[in-house]
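Everything on this sheet refers to the single structure shown next.
The values are calculated or read from the model by the stated rules, or taken from the named source; none is laboratory data. Just so we're clear, the structure is a prediction, and the values are computed from it rather than from any experiment. For neighbour counting, all protein chains shown are included, and Cβ atoms are generated from backbone atoms with ideal geometry for every residue, glycine included.
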Amino acid sequence: MLDDHAGHQEAPVEAAPLAWRLVLSTSPPDVLLLVVAGFLAGGVNAVAGGGSLLVFPVLLAVGFPALAANVTNSVAQCPGSLGVALGSRRELRGQRSRVLSCIGVTVLGSLGGCLLLLTLPTEVFDTVVPALVALASVLLGLQPRLSRWIGEPEPGAADRLNLLLPSVFVAAVYGGYFGGALGVILIAVLSLAAHDDLRRLNAVKGVLALVVGVVTVIVFSIGAPVDWLAVALLAPTTLIGGYLGATLAGRLPAPVLRVCVVVIGLAVAVYQVLD
């Protein structure tokens, strides 16, 4: 990992050598690890949410600082969200008004989260990220329990927009700032405020996650230390994994994947605290 004690030149020194280091000396095992992590993350995002928590520790393991790992991960996850949305076209039928009503607040919230990430001191992110990773991991682990507590929604009932729109906005702020397990947060919000079959709400989750991803790609491409080599390795595999995960969600072992992601996420949180 790069030296964290670069004084007033910390930001430019941290970004440029990282990209060149990866271009010149990324080992084949690291490349394979990134590719496999991207594929699994796309599938996990489609089935349970939280796949980005698989990629984040891998980026840390190959030498990324936390901030660079976060923004690179966010950009790389966008094609995976596209794959989920494409694989959920059937479940999206008849939900145009719901999706359109949520897109506006999703854009505003994710933009606000991105700007917070880029304007607050790096030390704030380094301090907050272990708590965010742990929170996202716990939410992912509790997802089945939350689903049982919420109960199966009643098809045809009106959405509670006074709860839905502010909650989606807050979730989008979180997604723009960090984004780990954003899908878990979105599906929980949708399940509470939108009365519909959970499979249809999961499809809406995929679209909103894609919107957050597009906003983060635009903003971080302009003002964040994104490593495009890592994105080039991760993006195609998250796209393929997301599409296959969405189309084969009923056959994939979601409980096993969920446990793996929770364990990895909590391990990353502990590592970040102790590092």
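Observations, loosely collected:
- Tally of residues being buried (at least 21 other Cβ atoms within 10 Å of the Cβ) and more than 12 Å from Cys78 (Cβ to Cβ) across region 220-235: 3
- Taking the criterion of being at pLDDT below 85, in contact with a Ser or Thr (Cβ under 9 Å, 6 or more places away or on another chain) and over 23 Å from Thr119 (Cβ atoms), the residues of region 45-62 that qualify are Asn45, Ala46, Gly50, Gly51, Leu53, Val62.
- Failed condition for Ala19, given (1) modelled with pLDDT under 70; (2) out of contact with any Lys or Arg (no Cβ under 9 Å at 6 or more places or on another chain); (3) within 30 Å of Phe169 (Cα to Cα): (3)
- Here Val107 passes the criteria (1) modelled with pLDDT under 80; (2) within 16 Å of the chain's Cα centre (by Cα); (3) farther than 21 Å from Ala267 by Cα; (4) of a type in the set (A, V, I, L, M) except the one numbered (1).
- If the condition is being β-branched (Val, Ile, Thr) and either at positive phi or out of contact with any Cys (no Cβ under 9 Å at 6 or more places or on another chain) (or both), then region 205-230 contributes Ile222, Val226.
- Being more than 30 Å from Thr127 (Cβ to Cβ) and β-branched (Val, Ile, Thr) is a property that Val168 lacks.
- Cβ-Cβ distances below 9 Å connect no pair with a first residue in region 103-118 that is in contact (Cβ under 8 Å) with a residue 40 or more places away in the chain and aromatic (Phe, Trp, Tyr), a second residue that is buried (at least 17 other Cβ atoms within 10 Å of the Cβ) and in a helix (DSSP H, G or I), and a separation of six or more residues or different chains.
- Residues within region 178-213 that are in a loop (DSSP other than H, G, I, E, B), within 16 Å of the chain's Cα centre (by Cα) and of a type outside the set (Phe, Trp, Tyr), tallied: 3
- Checking Gly80 against (1) modelled with pLDDT under 80; (2) more than 17 Å from the chain's Cα centre (by Cα); (3) assigned to a helix (DSSP H, G or I), the condition it does not meet: (2)
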